[in-house]
Amino acid sequence: MSDLFPPVPSTPSLFAEPCATRVRVIDVETAGQRLEEDAVIEIGSVDLDLATGAIGNPMQTLCDPGGVAINPHARKVHQISDAMLAGAPSFAQALPPFAGAGIYAAQRASFDRSRLRLTGRWLCTHKLALRAFPQVRAHGLQSLVKYLPLDLAPVRPMLEGLHPHRALYDAVCTAVLLRTIAATLMPRCQDVADFLERAERASAEPALLARLRFGRHKGVALAEVPDAYLEWLLREPGMDADAVFTARYHLKRRSLRGARPMPSPSV
């Protein structure tokens, strides 16, 4: 596991301040258009204290899409109707309460970050879950809720009246996921600051896939994919960045003297 969550080289500071441990776990629902044409229609968040594991401060708001049409497929997923959005604040009016957290986390954070444009450090729970739980059969949020499984009983009051793919519901589930990731990976770190440094770097890199999503080895654990196929991935133009990053990682690992692929534990 340590090679999936390696330390980040750093120089200790004589003037280091205490590490912030609060992470704002956030989720958005949108009109489902391309980034340049999209509109946020709901924001939800909770705060997770990595030091204590406490989850609190739930916030949620609908947002007026400002005339942007809601894609029928997106509406089918989040089930937010035009009537629900009537009288909702604009995105600019709705955003300020969610700003200023310092550290944010989201499932597939690049999506939420690009829509919210909030400054701060960002963690991606999808990429971190791939490193913490590579053996799980799927790493979508609700798949992780089911297959890890995640215990949502302590946060049920926050979920009341909601369903998956509503912003607050998904933010709460993501907070439980991040707490579970931290419990798995933190023992390999010096402290919370070290965990955050490693997690931020892993979140900024392409995803380290547990299994290929395509081709003759689709669904096969990467440790079991032949070198020749991984080398082909690196040569193929236009290949998915996550697949290239993952192939390069495994080939480098295998090239180390004495390194052997680790068997994947069953779920």
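Can you tell which of 132, 171, 175 is touching a residue at least 24 places away in the same chain (Cβ under 8 Å), small (Gly, Ala, Ser), crowded, with 18+ Cβ neighbours inside 10 Å and in contact with an Asp or Glu (Cβ under 6 Å, 6 or more places away or on another chain)?
On the way: 132 fails: in contact with an Asp or Glu (Cβ under 6 Å, 6 or more places away or on another chain); 175 fails: in contact with an Asp or Glu (Cβ under 6 Å, 6 or more places away or on another chain).
Of the residues listed, the single one that is touching a residue at least 24 places away in the same chain (Cβ under 8 Å), small (Gly, Ala, Ser), crowded, with 18+ Cβ neighbours inside 10 Å and in contact with an Asp or Glu (Cβ under 6 Å, 6 or more places away or on another chain) is 171.
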**Item:** Whichever residue in segment 89-115 is among the hydrophobic types (A, V, I, L, M, F, W, C) and either over 15 Å from the mean Cα position of the chain (by Cα) or exposed (fewer than 13 other Cβ atoms within 10 Å of the Cβ) (or both) and, among such residues, is farthest from residue 61 (Cα to Cα)
**Value:** 101
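So which residues in segment 211-242 are farther than 17 Å from residue 135 by Cα and either small (Gly, Ala, Ser) or outside any helix (DSSP H, G or I) (or both)?
Of the residues in segment 211-242, the ones farther than 17 Å from residue 135 by Cα are 214-216, 226-242.
Passing the criteria: 214, 215, 216, 226, 228, 236, 237, 238, 239, 240, 241.
Could you run through segment 120-130 and say how many residues are part of a helix (DSSP H, G or I) and either closer than 17 Å to residue 172 by Cα or in contact with a helix residue (DSSP H, G or I) (Cβ under 7 Å, 6 or more places away or on another chain) (or both)? It would help to see each step written out before you state the result.
Taking segment 120-130 first, the residues part of a helix (DSSP H, G or I) are 125-130.
Within this subset, residues satisfying the condition of being either closer than 17 Å to residue 172 by Cα or in contact with a helix residue (DSSP H, G or I) (Cβ under 7 Å, 6 or more places away or on another chain) (or both) are 125-129.
Matching residues across segment 120-130 total 5.
If you check 24, 75, which single one turns out to be touching a residue at least 60 places away in the same chain (Cβ under 8 Å) and among the basic types (Lys, Arg)? Steps first, answer last, please.
Numbers: 75 fails: touching a residue at least 60 places away in the same chain (Cβ under 8 Å).
On inspection, the qualifying residue turns out to be 24.
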**Condition broken by residue 211, with the remaining ones in (1) open to solvent by less than 40 Å² (accessible area, probe 1.4 Å); (2) at pLDDT below 95; (3) among the charged types (D, E, K, R) satisfied** = (1)
**Item:** Which listed residue is modelled with pLDDT of 95 or more and touching a Cys at 6+ places or on another chain (Cβ under 9 Å), from 129, 153, 204
**Value:** 204
**Asked** Among the residues of segment 67-88, which ones are among the small types (Gly, Ala, Ser), within 16 Å of residue 167 (Cα to Cα) and over 26 Å from the mean Cα position of the chain (by Cα)?
**Response** 81, 88
**Asked** For segment 131-188, list the helices (runs of 4 or more DSSP H) that sit wholly inside it and hold at least 2 residues that are at negative phi and touching a Lys or Arg at 6+ places or on another chain (Cβ under 6 Å); which are they?
**Response** none
**Item:** Among (1) in contact (Cβ under 8 Å) with a residue 24 or more places away in the chain; (2) closer than 21 Å to residue 181 by Cα; (3) of a type outside the set (Ser, Thr, Tyr); (4) surrounded by fewer than 20 Cβ atoms within 10 Å (Cβ to Cβ), the one test that residue 64 misses
**Value:** (2)
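The values are calculated or read from the model by the stated rules, or taken from the named source; none is laboratory data. The model shown is predicted, which means the values in this text are computed figures rather than measured ones. All Cβ positions, glycine included, derive from the backbone under ideal geometry; neighbour counts span all protein chains shown. The area values use the complete protein model at the heavy-atom level, side chains included, leaving out ligands, DNA and RNA. Shrake-Rupley method; radii C 1.70, N 1.55, O 1.52, S 1.80 Å.
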